[in-house]
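Report on the structure given below.
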2 protein chains.
Amino acid sequence: LLVCFLQMGWGDLGAFGEPSKETPNLDRMAAEGMLLLDFYAANPLCSPSRAALLTGRLPVRNGFYTTNAHARNAYTPQDIVGGIPDSELLLPELLKKAGYVNKIIGKWHLGHRPQFHPLKHGFDEWFGSPNCHFGPFDNRGLPNIPLYRDWEMIGRYYEDFQIDLKTGEANLTQLYLQEALEFISKQQASQQPFFLYWAIDATHAPVYASKAFLGTSQRGLYGDAVREIDDSVGKILGHLQKLGISENTFVFFTSDNGAALISAPKQGGSNGPFLCGKQTTFEGGVREPAIAWWPGHIPAGGVSHQLGSVMDLFSTSLSLAGLQPPGDRQIDGIDLSPALLQGQLLDRPIFYYRGNELMAVRVGLYKAHYWTWSNSWEEHSKGIDFCPGQNVSGVTTHTQEEHTKLPLLFHLGRDPGEKYPLSFASEEYQQAMERISPVVQQHKETLVPGVPQLNVCDKAVMVSSP
Amino acid sequence: LLVCFLQMGWGDLGAFGEPSKETPNLDRMAAEGMLLLDFYAANPLCSPSRAALLTGRLPVRNGFYTTNAHARNAYTPQDIVGGIPDSELLLPELLKKAGYVNKIIGKWHLGHRPQFHPLKHGFDEWFGSPNCHFGPFDNRGLPNIPLYRDWEMIGRYYEDFQIDLKTGEANLTQLYLQEALEFISKQQASQQPFFLYWAIDATHAPVYASKAFLGTSQRGLYGDAVREIDDSVGKILGHLQKLGISENTFVFFTSDNGAALISAPKQGGSNGPFLCGKQTTFEGGVREPAIAWWPGHIPAGGVSHQLGSVMDLFSTSLSLAGLQPPGDRQIDGIDLSPALLQGQLLDRPIFYYRGNELMAVRVGLYKAHYWTWSNSWEEHSKGIDFCPGQNVSGVTTHTQEEHTKLPLLFHLGRDPGEKYPLSFASEEYQQAMERISPVVQQHKETLVPGVPQLNVCDKAVMVSSP
């Protein structure tokens, strides 16, 4: 079981229509496996989406949200106090019961204080960092982000693990690749089942690539990073094949949120035909590239319209390992194996949250927005724009607009870019809302929000000592 | 030699990233052939682009433009007086010398008066119409558009060839498909080389599909039309294979202009990640899906970044037929066979015209805009919008903005959506313009415009009698 998880946009892969088609390995992965065209992050931001993947639960349930303001995005910077609660059951904790050895390589992002350490939450090995690789910082008030090998902090970004912000050079993806290859070899040799969570971050600003990839893309530094990841995925799949375990290894490639258009074009990717990007609940913020690969099990060249979510990787992985999901809590992920293995289509909604607010819901091809917001006028006036070059009147609003009485409705088949709201007076609107409204009502009535973990920042909790 | 030519956007094919991936036959054509990712129409409007394909020359040379106003798009409605001048040499005229039998199926669009009849310009057979299938008209002041079989008018759209505007049902694509299959069979039986110009129009508003395809797409009626065309192309390629002539037949699929976003989402397609649509010289108006297919000659699964144009089909076809292009006139098309057969990359610019004005030029990955214009405020206030949902400040201007002194420059690799103009002060800007300026200067100095054919309308020239 191998999950590649990073920040990339729907439109960043050749198989999903990136205009320069520079991802031959991922495109081959898709040709040998299955493309999921309607696959979603659990949140338009990294931390909550990662917590959702590992718990199978919406951030509003597992605590990865804030109530500090309405519909506010939040994640885990260095000074955040919270993290993944002990009460949450993570995928590796459960897989352990079936004898799996679990490793995370890369960005954890579920809290950096001692109690949140990944090895306390089911992982057996870790090579990577608790937070984003922002920096360099001053190392007095603000230390650089640490990297860990298992329990031990082995250094810091910029100081010990170089990232050259001028040239964009860093060999981190190569380190992460080597870690992955070695872990796979070791597990194959010891005949133990494994879960590898390859949570790399080269496409997250500050974007980086190693020397061999710098300048190789038509797309600039961001494209160089994509090419290096593409190359790495190719090497990992090739390694599985060489070791003869590809038919025993379920591999999934996807992203924690849409491309960050605020960082485009130099540090941000593409959301293809979709509206806006990271931080928003328009399709560009949460519709993700997704490829499932499992030779001999998932038919080659498959294309699925199954509505999927990163939370489904929790339930699907458990199912493939012969385990049951915990019965004492609401799990939002579903077992996708009927869709992946038998081409079935399972009816299920997608809930789009931003912080504590249910912004939108997708049922079938219809998406109803209960709230719309791109970003505030205040931010916008400073040049921060989550939807650069896009402006759909009444949709990409700079104030939070409530539509709970009369949701804005889009047909994502005819209008994937969310540009043409359906007429409220149309029969189609009435019929679609008759399907959607009960789903929303039931969700809201039964929702028990978790204790918000991302409400409190305190500089005293920063990882400042080795 | 078979050219499929219609109105479709870059983002309408699965192979180019359409979110619902509903074109399995065209995607297979791409997998068996070569995707051209940087292929352009010769104009953002149908008539001029079609005239350019058949003459290998820019509309400003072959006369398919107007000087009635600056940068004004023009085509051939029923009452236009002009058409393809006798002085122009068309691809079928030249292919005839090498023994080719030439047929056009579908929309001619190079003038409807007797002197412009396709059989007077090199074609041996015709099944189709001189103009777009607009209508129904009143048949008094404004007759419905006629359909011809060779010299004979055999009926009219709506009266004799039904298009149900309410349901979108019409079996015309099936008629055009049958014509194509029969022509190919006949040519194969008589062992004569052929040029089939399959110029269908189901994706041009009013969009239509036959009964078997209605309601089959996630994308509504437009998608139904795309699916029927996809199915038809699959049947044509299968027919070539069944007859054993696929290795002798060069097939090219492309479009005459970008998706018409004014008609979206019900009657218009998708330009994927590109800016604006039909009628504009932004990428969405002229960047086209393009697939070259020739088993045994063009390597399967190829992807080319060769800058190409529909005008290249003129020069490439002549080359493949062993003929020379005419030496007595400027030909804008180039022979793409080195790119298609040997994977070479030929350096050449792309000129973006709108009517009589050179709006922009692409050299390598750089595109310089000398004029920007989406559409007028007057049209815009009436709800006509060539860039719905898109608004790039200073770029998608509603007045004609001149930038000839200091062109707006984009890097189409980093920024395919033309959202981030390069800083005029940057070194990159200086260096790119040093490459582009001489190309533009030479083009302008040597340009001899043709006599504009699309200046005069006169109701007296409408085809009103059978």
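Assorted remarks:
- Taking (1) away from chain B (no Cβ under 14 Å); (2) crowded, with 24+ Cβ neighbours inside 10 Å in turn, residue A:284 satisfies each apart from (1).
- Test for residue B:96: is it among the charged types (D, E, K, R) and on the phi > 0 side of the Ramachandran plot: no
- Scanning region A:241-263 for residues that are touching an Asp or Glu at 6+ places or on another chain (Cβ under 9 Å) and open to solvent by less than 20 Å² (accessible area, probe 1.4 Å) gives A:254, A:255, A:256, A:257, A:258, A:259.
- Residue match in region B:348-369 (condition: within 14 Å of another protein chain (Cβ to nearest Cβ), small (Gly, Ala, Ser) and free of Cβ contacts under 8 Å to residues at least 60 places away in the same chain): no
- In a residue-by-residue description of region A:431-450, the property of being within 30 Å of residue A:137 (Cβ to Cβ), away from chain B (no Cβ under 14 Å) and surrounded by 11 or more Cβ atoms within 10 Å (Cβ to Cβ) applies to no position.
- Against the test of being touching a Ser or Thr at 6+ places or on another chain (Cβ under 9 Å), at negative phi and not charged (D, E, K, R), the options B:245, B:291, B:298 yield a single qualifying residue, B:291.
- Residue in region A:28-46 that is under 13 Å from residue A:352 (Cα atoms) and within 14 Å of another protein chain (Cβ to nearest Cβ) present: yes
- Of the strands (runs of 3 or more DSSP E) that lie entirely inside region A:127-201, those containing 3 or more residues that are under 22 Å from the mean Cα position of the chain (by Cα) and closer than 23 Å to residue A:233 by Cα span A:194-199.
- Entry remark, region A:7-27: residues being aliphatic (A, V, I, L, M) and within 10 Å of chain B (Cβ to nearest Cβ) number 2 in total.
- The set of residues from region A:177-205 being within 25 Å of residue A:264 (Cβ to Cβ) and surrounded by 22 or more Cβ atoms within 10 Å (Cβ to Cβ) comprises A:198, A:199, A:200, A:201, A:202, A:203, A:204.
- Condition met for residue A:417 (within 14 Å of chain B (Cβ to nearest Cβ), small (Gly, Ala, Ser), in contact (Cβ under 8 Å) with a residue 40 or more places away in the chain and out of contact with any helix residue (DSSP H, G or I) (no Cβ under 7 Å at 6 or more places or on another chain)): yes
- Test: residue in region A:149-162 that is open to solvent by 30 Å² or more (accessible area, probe 1.4 Å), closer than 21 Å to residue A:79 by Cβ and basic (Lys, Arg): no
- Any hit, region B:157-177, residues being among the hydroxyl-bearing types (Ser, Thr, Tyr), more than 26 Å from residue B:279 (Cα to Cα) and touching a Pro at 6+ places or on another chain (Cβ under 8 Å): yes
- Out of B:322, B:333, B:296, B:308, sole residue that is surrounded by fewer than 16 Cβ atoms within 10 Å (Cβ to Cβ) and in contact with a helix residue (DSSP H, G or I) (Cβ under 8 Å, 6 or more places away or on another chain): B:296
- Of all residues in region B:49-88, those being out of contact with any His (no Cβ under 9 Å at 6 or more places or on another chain) and farther than 13 Å from residue B:332 by Cα number 18.
- The residues of region B:378-409 that are within 14 Å of chain A (Cβ to nearest Cβ), over 22 Å from the mean Cα position of the chain (by Cα) and either under 28 Å from residue B:449 (Cβ atoms) or part of a strand (DSSP E or B) (or both), listed by number, are B:390, B:395, B:396, B:397, B:398, B:408, B:409.
- Residue tally, condition assigned to a helix (DSSP H, G or I) and either within 11 Å of chain A (Cβ to nearest Cβ) or of a type in the set (Phe, Trp, Tyr) (or both), over region B:246-277: 1
- Single condition residue B:235 does not satisfy, out of (1) free of Cβ contacts under 8 Å to residues at least 24 places away in the same chain; (2) open to solvent by 10 Å² or more (accessible area, probe 1.4 Å): (1)
- Members of region A:347-382 that are open to solvent by 50 Å² or more (accessible area, probe 1.4 Å) and in contact with a helix residue (DSSP H, G or I) (Cβ under 7 Å, 6 or more places away or on another chain): A:356
- Residue within region B:58-73 that is of a type in the set (Ser, Thr, Tyr), over 18 Å from the mean Cα position of the chain (by Cα) and within 14 Å of chain A (Cβ to nearest Cβ) present: no
- Unique match (being among the acidic types (Asp, Glu), open to solvent by 20 Å² or more (accessible area, probe 1.4 Å) and closer than 29 Å to residue A:207 by Cβ) among A:138, A:124: A:138
- Filter pass, residue A:130 being farther than 20 Å from residue A:7 by Cα, assigned by the TED database to the domain that holds residue A:68 and either open to solvent by 20 Å² or more (accessible area, probe 1.4 Å) or of a type outside the set (S, T, N, Q) (or both): no
- Of the candidates A:185, A:232, the single residue that is of a type outside the set (Asp, Glu) and in contact with a helix residue (DSSP H, G or I) (Cβ under 6 Å, 6 or more places away or on another chain) is A:232.
- Pairs linking a residue in region A:212-224 that is within 9 Å of chain B (Cβ to nearest Cβ) and touching a residue at least 12 places away in the same chain (Cβ under 8 Å) to a residue that is small (Gly, Ala, Ser) and part of a helix (DSSP H, G or I), with Cβ atoms under 9 Å and 6 or more positions apart or on different chains, are A:217/A:223; A:217/A:225; A:222/A:263.
- Being farther than 23 Å from residue B:28 by Cβ and away from every other protein chain (no Cβ under 14 Å) is a property that does not hold for residue B:202.
- Residues of region B:84-107 satisfying the condition of being open to solvent by less than 20 Å² (accessible area, probe 1.4 Å) and in a helix (DSSP H, G or I): B:91, B:92, B:94, B:95
- Selection within region B:408-466: residues that are touching a strand residue (DSSP E or B) at 6+ places or on another chain (Cβ under 6 Å) and among the aromatic types (Phe, Trp, Tyr). The member of this set that is nearest to residue B:59 (Cα to Cα) is B:410.
- Leading residue by the ranking (nearest to residue A:76 (Cα to Cα)) among those in region A:451-466 that are open to solvent by 80 Å² or more (accessible area, probe 1.4 Å) and in a helix (DSSP H, G or I): A:459
The values are calculated or read from the model by the stated rules, or taken from the named source; none is laboratory data. As the structure is a computational prediction, the values presented were derived from the model and not from experiment. Cβ atoms come from the backbone with ideal geometry, glycine included; neighbour counts cover every protein chain shown. Surface areas here come from the heavy atoms of the whole protein model, side chains and all, with no ligands, DNA or RNA. Shrake-Rupley method; radii C 1.70, N 1.55, O 1.52, S 1.80 Å.
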